[in-house]
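Structure first, then comments.
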Amino acid sequence: MKDNKMSNKAKILIVDDDLDYVKSIRAILESKEYTVDAAYNVESAMEKIKKTKPDLILLDIMMDRLDDGFTLCYRLKHDSELKKIPILTISAITERTGFKFSPATDGEYFEADDYVQKPVKPSDLLERIEKLLTGRYGKPE
Amino acid sequence: MRDIYRTSEEQYKMPGNATILVIDDEKAMRDSCYQVLTKDGYRTETSEDGDSGLQKIMEIRPDLVLVDLKMPGMSGMELLEKIGDFDPNIVSIVITGYATIESAVEAMKRNAYDFLPKPFTPDQLRIVTRRGLERRRLTLESARLQQEKEKMKENFITLVSHQLRSPLASIQQYFEVILEGFAGEVASKQKEMIEQASKRIDELLRLVNDWLNMSRIEAGKLTGKFEPVDLVSILSETIGLLKPLADERKVALEMDLRGSPPIVQGNGESLKQAFTNLVSNAIHYNREGGMVNISTREQGNHLVVEITDTGIGISQKNLHFIFDEFFRVKTKKTRGVTGSGLGLPIAKRIIEAHNGSIKAVSKLGKGTTFSILLPKAGQ
């Protein structure tokens, strides 16, 4: 329980261009007392990430451009400081209809720490977030 | 005259640096071609026989080759064939002092683009060369456009996929959030309606997925690579996936696998989808206490998978249409079954993308058997 409390204070940044989607995810996260911020495009996301150093990023893939999420993910994971921030990708595109990707099969191109498809069950989302956050705290530096 | 000549000379110059190889055993011929073509700005190389010519082609990958038909060693005809094998987009032009209709036809059959009888003037050489290079440019251009078109089609599918799914996903996400109480208490009547709305959105999401799957297969592509696939494991996974549905409908699933391990060359994910669609239909259109039997057997170079149900059956009239997109049999007995009308067409396309075929026989009130024929791996 102690661990839980600690990670619940975590700062989470939602990067998604769909305002409605951000609103509903925000409702889920705020109910668990996470500190939530949102960015609606890659540039403002990058700015916020550098400034506030969130503990976790929820990342959409297709925003202004087809591959915005991939681009941001790549930039973060190739930044010596920012690559520690866990990234959970949430997207409406599916393996079957869009890109064929998953952290398991395309690790070297797409280094997100986890991936879920939209829409996501709130309990599933919270579980994954908790896992990524505690994994981070538990990781030896 | 001089002015006219100069104009035509300018006209025949190709912009860019096309590379031309002249293969002729006659030194005078090589030299004069070399002079004319170099002067026009082409990068020109020469070879004195077929063997060294072919060697050079592989080294410098020319845009165009002038080939003499009568040479010691490898004949011009043989060389033409080898050039075509190496790169069919290299334009070959035959130059010969023994021009006959027969030899021209023979050369054309071997991928030559044009025929220039000796002796020829510099201008004749220029015209033929320019035409040949133009031909090459058009061929390459059209191949590039074709590629671009396919890429666009694929991107389009991905974009449409996203545009259609995004709003639905957002709506569904709101429902999830409301239903799980993240937006305050929900009265039971409201909850019931939102659950129903959510179910309908799910149906729509599935329809969009199905439709996109179809478009993908239509674009001539199955996602994923082809490799040897064991049908037993595919069918076992399919059955595992559908067991809960079968239990719920009180339908028994049976597997009857005979013969050597049924290995086909294919894409496992797609095949699983095809069989999932078929077996799921066999469960949905069954009767309580009914059965679905899945069997495999060999038939020559093919494997046959049969999926037999003890369901409501399909009338002869409707049987012709079941593989049509969005066709659904509408009777009292099918009213309770929801679906997109794309399950069978998708299955059919996947099977056909594997060089297979599918057919159905059915008896109203007795049941239906789908037979899927797939070529064995290595055939």
* Name the residue, out of B:GLU154, B:GLU148, that is in contact (Cβ under 8 Å) with a residue 60 or more places away in the chain and more than 8 Å from every other protein chain (Cβ to nearest Cβ). => B:GLU154
* Counted residues, region A:110-140 - those being modelled with pLDDT under 90, out of contact with any strand residue (DSSP E or B) (no Cβ under 6 Å at 6 or more places or on another chain) and within 14 Å of chain B (Cβ to nearest Cβ) -> 2
* To do: Only residues that are more than 17 Å from B:SER280 (Cα to Cα) and either free of Cβ contacts under 8 Å to residues at least 60 places away in the same chain or assigned by TED's automatic domain parsing to the domain that holds B:VAL208 (or both): list them for region B:331-355, please.
  => B:THR331, B:LYS332, B:GLU352, B:ASN355
* Within region B:118-145, can you find the residues that are surrounded by 15 or more Cβ atoms within 10 Å (Cβ to Cβ) and either within 12 Å of chain A (Cβ to nearest Cβ) or out of contact with any strand residue (DSSP E or B) (no Cβ under 8 Å at 6 or more places or on another chain) (or both)? -> B:PRO122, B:ARG126, B:ILE127, B:ARG130, B:ARG137
* Asked: Can you find even one residue in region B:180-200 that is at the interface with chain A (Cβ under 10 Å from one of its Cβ atoms), within 30 Å of A:ASP64 (Cβ to Cβ), surrounded by 14 or more Cβ atoms within 10 Å (Cβ to Cβ) and in contact (Cβ under 8 Å) with a residue 12 or more places away in the chain?
  -> yes
* **Boolean, B:LEU159 is within 14 Å of chain A (Cβ to nearest Cβ) and either of a type in the set (A, V, I, L, M, F, W, C) or in contact with a Leu (Cβ under 8 Å, 6 or more places away or on another chain) (or both)** => yes
* Structure fact -> Listed by range, strands (runs of 3 or more DSSP E) wholly within region B:253-312 having at least 3 residues that are under 25 Å from the mean Cα position of the chain (by Cα) and among the hydrophobic types (A, V, I, L, M, F, W, C) are B:302-309
* When the residues of region A:19-71 are filtered to those that are β-branched (Val, Ile, Thr), away from chain B (no Cβ under 14 Å) and in contact (Cβ under 8 Å) with a residue 40 or more places away in the chain, which remaining residue is nearest to B:ILE178 (Cα to Cα)? -> A:ILE57
* To do: May I ask you to say which residue of B:SER166, B:SER161 is in a helix (DSSP H, G or I) and at pLDDT 85 or above?
  => B:SER166
* Given B:LEU64, B:LEU69, B:LEU80, which one is of a type in the set (A, V, I, L, M, F, W, C), within 26 Å of B:ARG144 (Cα to Cα) and free of Cβ contacts under 8 Å to residues at least 40 places away in the same chain? -> B:LEU80
* Only one of B:VAL251, B:VAL232 that is in the same structural domain as B:SER362 (by TED's automatic domain parsing), crowded, with 21+ Cβ neighbours inside 10 Å and of a type in the set (Val, Ile, Thr) -> B:VAL251
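The values are calculated or read from the model by the stated rules, or taken from the named source; none is laboratory data. Note that this is a predicted model, so its numbers are computed, not measured. When we count neighbours, we look across all protein chains shown, and the Cβ atoms used for this are built from the backbone with ideal geometry, even at glycine.
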